[in-house]
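FYI, it's all coordinate maths here, none of it is from the lab. These figures come from a predicted structure and were not determined experimentally. Note that we place each Cβ from the backbone using ideal geometry, even for glycine, and neighbour counts take in every protein chain shown.
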Ligand code: PHE
């Protein structure tokens, strides 16, 4: 399993898709924790919901209303309530949360090795323009990451950032030269133990001027690439101790050359970050033609799962004390002791798909209904009949991390999934 292909670098995929509206409209809200959210007044009894709908969230002191981000009948908007409710959570700013502990550990490394020369940003709004998220970092017009299937769109010009690289150009334009940007990022994806539609990244950016590389005897690109590798190898050692690591060449639209760092962990090579030497065009846009820079982006959940032995990505969102009480400020790498594992409940659903069907749309519907009670969604059968109709069968694994689910409750969730899938995704149940 690799972090960046698991959950952090869609940009290394070179494939392209045609952009199309996916017809997503409305999702019921499901989430199992409290946030900086303002809840709307109690719903009428008839509309019984498991959880309240969040009517507004607070992002760094700015109140964002639900109706500005979730637009039920607008086909250019695909943000469900379950995602909106995560907007103000900022797990990376909690010192006793594994994500905050890892972030602080990385800060410590940069502060002590670079004399606090890296500025830190961790409160930039995750609602950004498509220009910031894509154009500014040279993501091609037909790149798969721009599709409604991969990214949450508020409207055709506004998205929930899918990477912290969305802030590179803006910070450069404002005159910042060395920085770390930490934040929540949003990606539509499948459902399993290592995928969650919201996770956290840290972006690092460092610029050099001719006097830095002039005496080195090597050219500026090579100089930056070597400095980058040295910096990140040191960071990996700071977090993981004496580990075996290797560099793998890759592709990102915004760096060249581009690399991924893998570390050997639990008998497997694990990708821990993507990075590279910044494309010169990006520097030129900010009048920095004579400079060279490097950048990296790392996925904090993946690092934390490894460091703290956390088996399921949903746990990061749990407010269960049996989880939260195990972590303390500055305690990098204590091992998580799993509390009892509750039994899973498997439900299959089969339907004839339509041309516009995508697995990510299906997963958003399931999450919208079952929230964090869904552990995995797996395609277990797929065939096309003589008439050219394609059938998919998915196995949904329901399991709470906090309690046993009753048959009645799971049947109820499954029946809602069947209704909604039919209603929203234009499929024919079998
Ligand atoms: N933004 C990339 C991603 O999320 C990671 C990255 C950042 C790669 C900076 C190179 C440089 O996939």
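Have a look at 370, 56, 141 and tell me which one the Gaussian network model of the chain (Cα, springs below 10 Å) gives the largest fluctuation.
141
Could you put 306, 139 in order, starting from the residue whose Cβ has the fewest other Cβ atoms within 10 Å?
So the ranking, lowest neighbour count to highest, is 306, 139.
Using the alpha-carbon atoms, what tilt in degrees (0 to 90, nearest 10) does helix 98-113 show relative to the longest principal axis of the chain?
Helix 98-113 sits roughly 10 degrees off the main axis of the chain.
Under the definition of Cα pairs under 8 Å and six or more residues apart, what whole-number percent is the relative contact order of the chain?
18
I want to verify a result. In a Gaussian network model of the chain, Cα cutoff 10 Å, which of these has the top mean-square fluctuation: 65, 166, 115?
In this elastic network of the chain, the residue with the biggest mean-square fluctuation among 65, 166, 115 is 115.
Exposure proxy check: 123, 215 ranked by fewest other beta carbons within 10 Å?
Final ranking by Cβ density, sparse to dense: 215, 123.
Percent relative contact order of the stretch 342-430, based on C-alpha pairs within less than 8 angstrom and at least six residues apart?
After rounding, I find 45 percent.
Let me know the Rg and Dmax you get for the chain when you use only its Cα atoms, in Å.
For the chain, the Cα-based Rg and Dmax read 22.1, 74 Å.
Antiparallel as a % of all DSSP beta bridges within the chain, to the nearest 5?
95
Using only the alpha-carbon atoms, how far is helix 220-240 inclined from the longest principal axis of the chain? Give it as 0 to 90 degrees, nearest 10.
Roughly 60 degrees, rounded to the nearest 10.
Helix 359-370 versus the longest principal axis of the chain: what is the Cα-based angle in degrees, 0 to 90, to the nearest 10?
Helix 359-370 sits roughly 70 degrees off the main axis of the chain.
Round to a whole angstrom and tell me the spacing of the C-alpha centers of the stretch 93-168 and the stretch 244-281.
Spelled out, the Cα-based centre of one part sits 17 Å from the other.
Would you calculate, for the chain, the mean residue ellipticity at 222 nm contributed by helices, counting each DSSP H stretch of 4 or more residues as -39,500 (n - 2.57) and dividing by all residues, to the nearest 500?
The per-residue figure over the chain is -7500 deg cm²/dmol.
Among 302, 173, 66, rank each residue by its count of other Cβ atoms within 10 Å, from fewest to most, as a rough exposure measure.
Ascending number of Cβ neighbours within 10 Å: 173, 66, 302.
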